[in-house]
Every structure is written in C-alpha cells, then in structure tokens.
1. Of everything in segment 25-62, what is of a type in the set (S, T, N, Q), closer than 28 Å to Asp92 by Cβ and touching a helix residue (DSSP H, G or I) at 6+ places or on another chain (Cβ under 9 Å)? Give them in sequence order.
2. When you go through (1) modelled with pLDDT of 90 or more; (2) assigned to a helix (DSSP H, G or I) one by one for Lys137, which number turns out not to apply?
3. Restricting segment 56-115 to residues that are part of a loop (DSSP other than H, G, I, E, B), among the small types (Gly, Ala, Ser) and under 25 Å from Glu28 (Cα atoms), which is modelled with the highest pLDDT?
4. Please name all residue pairs, on different chains or six or more residues apart, with Cβ atoms under 8 Å, provided the first residue is in segment 101-124 and is over 30 Å from Lys137 (Cβ atoms) and the second residue is of a type in the set (Val, Ile, Thr).
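The values are calculated or read from the model by the stated rules, or taken from the named source; none is laboratory data. Since the model is a prediction, treat every value here as computed from it, not as a measurement. With ideal geometry, Cβ positions are generated from the backbone for all residues, glycine too; neighbour counts draw on all protein chains shown.
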Amino acid sequence: MKNYVTNFKSFINEGVVTDMRTQIESLEKQILDLPKEDEQYSLKKAGLKKQISQILDKIKETITANKTKTYIFSVSTSAKAEEISKIEEAADNLLISRAEKEPFRLFMKVLRIKGRQYDSNEVLVPISPKMLNHIKKIADHSRSIVIPAISKI
C-alpha cells in the first residue's frame with residue numbers, strides 16, 4: 001500500500017495531475033470570463049482549450065507509456081464525455097459506476113479487464129444509503145479541501 005501512495009504522490013509531483021478537475025474547471029472559467037469584445041478572444045480561447053487538451057493528453061500518455069506503476073483514475077463523464085472517452089480507450093481495465101438517488105444506491109459494471117474473462121453484468125454495490133451519503137460527504141470534502149492542499153505540496 002505504501003508503494004501505491006508513494007507512486008501516487010510522485011505522479012502528482014511529476015506534474016501530471018494535481019487535481020485534473022480543478023485545473024480544467026479553472027481553465028473553463030477563464031474561457032467563460034474572456035470578454036468577447038477582446039480583439040484576441042478567439043486566440044485566447046483556443047490557447048485555454050489547448051491547455052485542457054494537454055492535461056488530458058498527458059494523463060493518456062502516462063497510463064499508456066508507464067506500465068511500471070498502477071494508476072487509478074476516477075472521472076465524471078457528464079462534463080467532459082468526449083475527452084474522458086480518450087482516457088477510457090487507453091485504460092487496460094475499465095469499470096463504470098452509476099448512482100440512483102432515491103433510494104441512494106450505487107451500481108458498478110466491468111467494461112474491460114485486460115487479458116481476463118469477466119462478468120459484464122451490472123451489480124448493485126452492497127453499501128447502505130447511509131454509508132453512501134457518508135462517503136459522498138468525504139468525497140466532497142476531499143475534492144474541495146484535501147486535494148487542493150495536497151496539490152500545493
């Protein structure tokens with residue numbers, strides 16, 4: 001386990017990802033905040049979009065080129081489905097999840113496991129709605145406070 005933590009920290013320190021979501025959201029906000037009357041609006045917008053693309057390309061390059069480490073990515077396809085699909089294509093193993101709100105339930109499905117047979121049926125993850133809400137609160141806290149703090153290290 002310690003090796004995975006070390007690898008993840010070195011992955012962050014390599015500059016591949018500090019917090020992909022935060023970086024991309026920041027760049028998207030900059031695009032929205034660009035004054036359209038600016039003479040260089042199109043040029044600046046293209047530059048910011050290129051930075052987003054470079055972040056995603058670096059992640060894809062890392063997971064395809066470096067087979068000495070295991071990388072686990074959790075991404076939301078709702079905002080960047082097209083871009084995330086490129087990362088999904090590069091992954092050796094691919095699992096997806098979805099949630100239902102009432103009652104709060106989590107489902108998972110294996111889409112690909114490199115070199116192995118697997119059951120592709122969707123399964124209900126046996127976690128209570130109360131526990132899922134607790135996990136969600138921790139994830140929200142991590143996303144807003146912990147990850148930005150780690151990114152500064």
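1. Going through segment 25-62, the residues of a type in the set (S, T, N, Q) turn out to be 26, 30, 40, 42, 51, 53-54, 62.
Checking the rest, the ones that are also closer than 28 Å to Asp92 by Cβ come to 51, 53-54, 62.
Correct list: Gln51, Ser53, Thr62.
2. Here Lys137 meets the rest and fails (1).
3. We begin by selecting, within segment 56-115, every residue part of a loop (DSSP other than H, G, I, E, B); these are 66-76, 91-92, 101-104, 114-115.
Narrowing further to those that are among the small types (Gly, Ala, Ser): 74, 76, 91, 115.
Still in the list and also under 25 Å from Glu28 (Cα atoms): 74, 76.
Values: Ser74: 70, Ser76: 66.
My answer is Ser74.
4. Between residues of segment 101-124 that are over 30 Å from Lys137 (Cβ atoms) and residues that are of a type in the set (Val, Ile, Thr), the close pairs are Tyr118/Val110; Asp119/Val110; Ser120/Val110.
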